[in-house]
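Everything below concerns the one structure shown next.
The values are calculated or read from the model by the stated rules, or taken from the named source; none is laboratory data. Bear in mind that the values here come from a model prediction, so they are computed numbers and not experimental data. Here the Cβ positions follow ideal geometry from the backbone for every residue, glycine too, while neighbour counts run over all protein chains shown.
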Amino acid sequence: MKKSVWAKMLSLALVFVCVIGLAACGGGDSSAAGSYKLQTIEMSGMSMDLEQLAEASGVSADEMTIILELKEDGNFSLDMSALESADMSMSGTWEGSGSSVKLTVEGETINCTLEDGVLTMAEEGVSMTFKK
């Protein structure tokens, strides 16, 4: 009788560990979670780093902060309010798997790559590089 009680307790403990493991898998890949700061932007064959973008926007490089935040809960926000000419801030959900990160906003998915703390987002002829 003792053996069956211990077997049940062991089974219950294993089920508990599995449930905790599955719950932890929700949202994005936690290794990708964090804040990423814009480094470069490319469009129409032209590339600008953050300082050049700030200069073109008429602000100092210190004021030019464009942040992509991948949150642990699977949500993300992209704050581009530093670009006064356009409100291009957005938020949605994200999923990560290996070197792939998918951002989803209003049913549209943007595929990104993540390598060595550098996230690259390319969509419709515009490429942005962010560094963690």
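Name the strands (runs of 3 or more DSSP E) wholly within region 6-86 that hold at least 3 residues that are within 17 Å of residue 127 (Cβ to Cβ), at pLDDT 70 or above and touching a strand residue (DSSP E or B) at 6+ places or on another chain (Cβ under 7 Å)?
Once the strands (runs of 3 or more DSSP E) in region 6-86 are filtered for at least 3 residues that are within 17 Å of residue 127 (Cβ to Cβ), at pLDDT 70 or above and touching a strand residue (DSSP E or B) at 6+ places or on another chain (Cβ under 7 Å), what remains is 34-43, 46-49.
Working only within region 60-71, note down all residues that are among the charged types (D, E, K, R) and surrounded by 12 or more Cβ atoms within 10 Å (Cβ to Cβ).
The answer is 69, 71.
Test each condition in (1) more than 15 Å from the chain's Cα centre (by Cα); (2) loosely packed, with under 14 Cβ neighbours inside 10 Å; (3) of a type in the set (S, T, N, Q); (4) part of a strand (DSSP E or B) for residue 111 and report the one that comes out false.
(1)
Out of (1) on the phi > 0 side of the Ramachandran plot; (2) at pLDDT 90 or above, what's the single condition that is false for residue 115?
Residue 115 satisfies all of (1) on the phi > 0 side of the Ramachandran plot; (2) at pLDDT 90 or above except (1).
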